[in-house]
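What follows is calculated from the coordinates using simple rules that are stated; it is not laboratory data. Keep in mind the model is a prediction, meaning the values are calculated, not measured. Cβ: placed from backbone, ideal geometry, glycine included. Neighbour counts: every protein chain shown.
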Amino acid sequence: MDLKPVVALDIDGTLGDYHGHFTTFAALWIGRPLPHPSLMTDDIPFYKHLGMSKATYRQIKLAYRQGGMARSMPIFQGAADLTRDLRHEGAEVWLCTTRPYMRHDSTDPDTRHWLRRNRIQWDHIIYGPNKYRELIKIVPPGNILAVLDDLPEMLEQARSLWLPAFVRDQPYNQKVDLPRVADFMRDEWPGRMMRQILDWRRNGKRLDNRRH
């Protein structure tokens, strides 16, 4: 394969506002107001934050997926520009999502619709809870410039594989001790990625992110 530098991006909670969108849907489904996602903390899972049982949460999440709600999730400002700029500079954008591709026939078409609708540029998609383990089966780890995710457990998976992980700043991941990306428009991280892509293209290898 033609080896290029790779930036791996999560979708829900990283490129798009999954928690806000799901909370609005869940409030309509259950028929009562629910706590705002900005009040979430690291200490409790999402369903407990919403004040419901795990069984009820799973019912709502199934309805959310089967109803095609992923097609209308709001995109975070600057996300599309980020993917365009990464590819323009010569990197591949790999979207790595925990969405359950094998269990819902609508997952892939709904995901692709959202990407197309929001003008997200990408090269490949990996689905499933072991997404970063699957990534390094395909892409040499030395070609991976960065992994950007919001979920602590996914960031831990990336870190366990010695991948250069960055955390998309959210209320529920404040205890994660990794470099943070708060805003695609004003944060310096996108510029840092562009510089690393340029360095990789010049030298045939990525910078050692652990030095930064």
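Things worth noting here:
- Protection proxy ranking for 13-22, 157-166, 112-121, 39-48, using the average of other Cβ atoms within 10 Å per residue and placing the highest first: 13-22, 157-166, 112-121, 39-48.
- Subset of 61/137; 4/131; 48/137; 4/137; 54/175 violating a 26 Å alpha-carbon distance limit: 61/137; 48/137
- Among 144, 197, 30: highest mean-square fluctuation, GNM of the chain, C-alpha pairs under 10 Å: 30
- Distance from the Cα centroid of the stretch 1-45 to that of the stretch 105-171 is 14 Å (rounded to whole angstrom).
- Sequence-distant residues sharing a close amide H with residue 181 (under 5 Å, placed H): 167, 168, 169
- The fraction of all Cα pairs in the stretch 115-191 landing in successive 10 Å bins from 0 to the largest distance is 17, 46, 35, 2, given as whole percents.
- All Cα-Cα distances of the stretch 76-139, cut into 10 Å bins from zero to the largest, leave 20, 47, 31, 2 percent in each bin in turn.
- Mean projected area in nm² (Cα convex hull; one quarter of hull surface) for the stretch 18-72: 3.6 nm²
- Size descriptors for the stretch 51-176 (Cα atoms only): Rg and Dmax, in that order, 15.4, 46 Å.
- The stretch 18-72: relative contact order as a whole-number percent, Cα under 8 Å and 6+ apart: 28 percent
- Protection proxy ranking of 89-97, 56-64, by the mean of other Cβ atoms within 10 Å over each peptide's residues and highest first, is 89-97, 56-64.
- Relative contact order of the chain, defined on C-alpha pairs under 8 angstrom at six or more residues apart (%): 26 percent
- A Gaussian network model of the chain, with springs between Cα atoms under 10 Å, assigns the largest mean-square fluctuation among 72, 53, 106 to 53.
- Summarising the overall dimensions of the stretch 1-114 from its C-alpha atoms, the Rg and Dmax are 16.1, 52 angstrom.
- Most positive-pole-ward Cα, 181, 138, 23, against dipole of the chain from beta carbon charges: 138
- Size of charge dipole - the stretch 67-108 - debye, nearest 20, with Cβ of Lys, Arg +1 and Asp, Glu -1, no other charges: 200 debye
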